[in-house]
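**Student:** Sharing a structure below in structure tokens format, with a few things to ask.
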Amino acid sequence: MKCKSCGEKATVYMRQHHKLALCKEHFLEWLPEQTERFIKKYRMFGRDDNILVAVSGGKDSLSLWDILHRLGYKADGLYIGLGIDEGISYSDESHRLAEKFASERGLKLHVVDIQKTYGHTIPVIAEKTHRGFSRPCSVCGVTKRHEMNRIARDMGYSVLATGHNLDDEAATLFGNTLSWSKDFLPRQSPVLPESDGLARKVKPLCRFYEKEMTAYALLRGIEYIYEECPFSVGSTSIYYKELLNQLESERPGAKLIFYTKFLEAKDAGLFAPPEQIRAELFPCPTCGQPTSAEGQCSFCRMMEKVDERTSG
Ligand code: SF4
Ligand code: ZN
Ligand code: ZN
């Protein structure tokens, strides 16, 4: 197989992208060029925006940071220490790799340690609120969202970027479609516009297959944490990813079509425009972040419960 650009031996073969084959050098150029195309296509941000990249220490978020840096965008990182240390020291190791990545490139990384800031790790908060059940993911999600918004607001970032890839987005879309979620389907998008004190949220990698991101990280020599969070084992989203992989192996490109045709249908008016769907937001009396119901936001409510259970 030969590289489409230079005719040298190809390193990466993408059956799903019209059988595109590229050598290492041209693949490492192609991926950021495509990212730039999607940033423009979905009007994600410009060169003047201050971007905060949520960095987990995994391949997607570190690659995203690397790509934005290479493309000349102003992008700092945010690492959130969750205190997840079940079996492997997942949080310590991912923190170390995020720091290493930033210091080697002279990039700025903000670090929030949930235990230092709020007194408890994510698994402990989950246990105390009984929202844990078998895994603390809902507590973790609420906390990460809250902290990303908080740091973006306090540090003056207008855009929050996450490393969700096509496999993530297709699995989420699949789940939302199985239940025809009228709350989540209209909101699933490469860009969620800013609103009442919430930064714009963007997913510049949403059209790249997971295996493309793995190839990018490996070929760029990015050191990332190979292990997934131990709580992700057996999750519904992993199950959906496996189902979609089966489909993809029979029909290359199926995932990309599933996702991009959904975006096109949305653009063509499948749902009412986001302005009409968006609920009225009220500031949380405790933290000031916008919330859809009057009263405390779900993070502050959760933390109040934890405090009650800790002191009582
Ligand atoms: Fe948090 Fe781990 Fe669950 Fe992801 S899998 S939401 S990192 S607890
Ligand atoms: Zn080439
Ligand atoms: Zn709040």
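The values are calculated or read from the model by the stated rules, or taken from the named source; none is laboratory data. Predicted model only: the values in this text are computed from it and were never measured. Every residue, glycine among them, receives a Cβ derived from its backbone with ideal geometry; neighbour counts consider all protein chains shown. These area figures cover heavy atoms from the full protein model, side chains too; ligands, DNA and RNA do not enter into them. Shrake-Rupley method; radii C 1.70, N 1.55, O 1.52, S 1.80 Å.
**Student:** What whole-number value in Å² describes the accessible area per residue of the chain for a 1.4 Å probe? Display every interim value, and only then the final one.
**Tutor:** Numbers: 16090 Å² over 312 residues.
For the chain, the per-residue accessible area is 52 Å².
**Student:** Between GLU33 and ARG251, with labels modelled 7 Å along Cα→Cβ, what's the label distance in nm to one decimal, could you check?
**Tutor:** Modelled inter-label distance: 3.0 nm.
**Student:** Placing +1 at every Lys and Arg Cβ and -1 at every Asp and Glu Cβ, with all other atoms neutral, what dipole size does region 210-287 have around its Cα centre, in debye to the nearest 20? List each step's numbers first, then the result.
**Tutor:** Working: 8 positive and 12 negative charges, 33 e Å.
For region 210-287, the charge dipole is close to 160 debye.
**Student:** On full extension of the chain, what length is gained from ARG150 through SER232, given 0.36 nm per residue of separation minus the C-alpha to C-alpha distance?
**Tutor:** On the way: separation 82, 0.36 × 82 = 29.52 nm, distance 2.52 nm.
So the chain would gain 27.0 nm between ARG150 and SER232.
**Student:** Can you list which of the GluC sites (Glu not before Pro) found in region 219-263 are DSSP loop residues with at most 15 other C-beta atoms within 10 Å?
**Tutor:** Working: sites: GLU223, GLU227, GLU228, GLU242, GLU248, GLU250; in loops: GLU223, GLU227, GLU228.
Taking region 219-263 and a limit of 15 other Cβ atoms within 10 Å, the loop GluC sites (Glu not before Pro) found are GLU223, GLU227, GLU228.
**Student:** With a cap of 12 neighbouring Cβ atoms within 10 Å, and only residues DSSP puts in a loop, list the chymotrypsin sites (Phe, Trp or Tyr not before Pro) found in region 160-265.
**Tutor:** On the way: sites: PHE174, TRP180, PHE184, PHE208, TYR209, TYR216, TYR224, TYR226, PHE231, TYR239, TYR240, PHE258, TYR259, PHE262; in loops: TRP180, PHE184, PHE208, TYR209, TYR224, TYR226.
Taking region 160-265 and a limit of 12 other Cβ atoms within 10 Å, the loop chymotrypsin sites (Phe, Trp or Tyr not before Pro) found are TRP180, TYR226.
**Student:** Right, something else. If you fit an axis through the alpha-carbon atoms of helix 166-178 and take the longest principal axis of the Cα set of the chain, what angle between them do you get, 0 to 90°, nearest 10?
**Tutor:** Orientation of helix 166-178: about 60 degrees from the principal axis.
**Student:** Using a 1.4 angstrom probe on heavy atoms only, work out the carbon and sulfur share of the accessible area of the chain in %.
**Tutor:** Working: 8130 of 16090 Å².
C and S fraction of accessible area: 51 percent.
**Student:** Now, a different point. Taking θ = phi - 60°, what integer Hz values does the Karplus form 6.51 cos²θ - 1.76 cosθ + 1.60 yield along region 14-23, in sequence order, with x for Gly and Pro?
**Tutor:** 10, 4, 6, 10, 6, 6, 6, 10, 9, 6
**Student:** If I model a spin label at SER195 and ARG47 as a point 7 Å from the Cα along the Cα→Cβ vector, what separation in nanometres do I get?
**Tutor:** Placing both labels 7 Å along Cα→Cβ, they lie 3.2 nm apart.
**Student:** Could you put ASP307, ASP267, ASP167, ASP92 in order of accessible surface area, largest first, with the 1.4 Å probe and the full protein assembly present? Don't skip to the end; give the middle numbers.
**Tutor:** Numbers: ASP307 85, ASP267 135, ASP167 15, ASP92 110 Å².
Greatest to least solvent exposure: ASP267, ASP92, ASP307, ASP167.
**Student:** Using a 7 Å offset from the Cα along the Cα-to-Cβ direction at both LYS305 and TYR13, what is the distance between the two label points in nm, to one decimal?
**Tutor:** About 5.2 nm separates the two model spin labels.
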